[in-house]
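The values are calculated or read from the model by the stated rules, or taken from the named source; none is laboratory data. For clarity, every value in this text was computed on a predicted model and none was experimentally measured. So basically every Cβ, Gly included, is an ideal-geometry build from the backbone, and we count neighbours across all protein chains shown.
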Amino acid sequence: MAEMGTLHEAFVEELRDTYDAEKQLTKALPKMAKAANSPELKEAIESHLEETRNQVQRLEQVFAAVEEKARGKHCEGIAGIIEEGQAVMQEDYDEATADALLIAAAQRAEHYEMAAYGTLIAWARAMGHDDAADLLQETLDEEKAADEKLNELAEGGINEQAAQGAHEGEGDEEEEEPVGAGARGSSSRRSSSSSRRR
């Protein structure tokens, strides 16, 4: 019978996954910064890129603290989040909407990482790896601060600007349509799209 895995082994697997996630983000963040229209958003992403590079080094210290070799294991979760973010960047949106979508993509990545670091800290503390837990806590605090900064940017004007452009020019078009045409038009579009799915 095969030996059962231990919490230490699960911790190391999660650590490798997170290490790879951070490395993937060091490649994705420069593209996001380049795509940002708001100077404040660009600066926030560039600042978090520097933090992310430091977080990679900090994870190497965590590996050393638990006497394990620093190596990554491909993180499918962050790869999917990055892929979604890149797809959004290729769409044709007005500047404010594009920035709102970039913030959404960045926050998905932050929340994924916050969940991973929270788990790693809890497991490290449970096993008595206090030095490793302290290092991981430093990174979790940075992730939370980055997420808060993104919130401030979104609520400080980017979402509002995007919302202002959301319905511009729609009122006149609606008045020219016969009553009920919008509802019928949308239902026929739904039925044709659902028939395509079949």
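Structure notes:
- Odd one out for K42 among (1) of a type in the set (K, R); (2) over 30 Å from L153 (Cβ atoms); (3) without any contact (Cβ under 8 Å) to a residue 60 or more places away in the chain: (2)
- Some residue of the stretch 121-133 being touching a residue at least 40 places away in the same chain (Cβ under 8 Å) and among the aromatic types (F, W, Y): yes
- Verdict on D94 being buried (at least 21 other Cβ atoms within 10 Å of the Cβ), of a type in the set (D, E), more than 18 Å from E138 (Cα to Cα) and touching a residue at least 40 places away in the same chain (Cβ under 8 Å): no
- Summed over the stretch 52-105, the residues that are modelled with pLDDT of 95 or more and among the aromatic types (F, W, Y) give a count of 1.
- Screening K42, K31, K27 for residues that are in a helix (DSSP H, G or I), touching a Gly at 6+ places or on another chain (Cβ under 9 Å) and surrounded by fewer than 20 Cβ atoms within 10 Å (Cβ to Cβ) leaves exactly one candidate, K31.
- Odd one out for G165, checked against (1) in a loop (DSSP other than H, G, I, E, B); (2) modelled with pLDDT under 95: (1)
Rundown of residues vs (1) at pLDDT 95 or above; (2) more than 18 Å from the chain's Cα centre (by Cα); (3) basic (K, R); (4) within 23 Å of R58 (Cβ to Cβ), yes/no style:
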| residue | (1), (2), (3), (4) |
| --- | --- |
| M1 | no, yes, no, no |
| G5 | no, yes, no, no |
| V12 | yes, yes, no, yes |
| K27 | yes, no, yes, yes |
| P30 | yes, no, no, yes |
| A35 | no, no, no, no |
| K42 | yes, no, yes, no |
| I45 | yes, no, no, yes |
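- Filter pass, A70 being among the small types (G, A, S), surrounded by 15 or more Cβ atoms within 10 Å (Cβ to Cβ), touching a Gly at 6+ places or on another chain (Cβ under 8 Å) and under 18 Å from A116 (Cα atoms): no
- Being buried (at least 16 other Cβ atoms within 10 Å of the Cβ) and part of a helix (DSSP H, G or I) holds for only one residue in A116, A10, A87, A79, and it is A116.
- Residues of the stretch 97-104 include at least one that is surrounded by 14 or more Cβ atoms within 10 Å (Cβ to Cβ), acidic (D, E) and either without any contact (Cβ under 8 Å) to a residue 40 or more places away in the chain or part of a helix (DSSP H, G or I) (or both).
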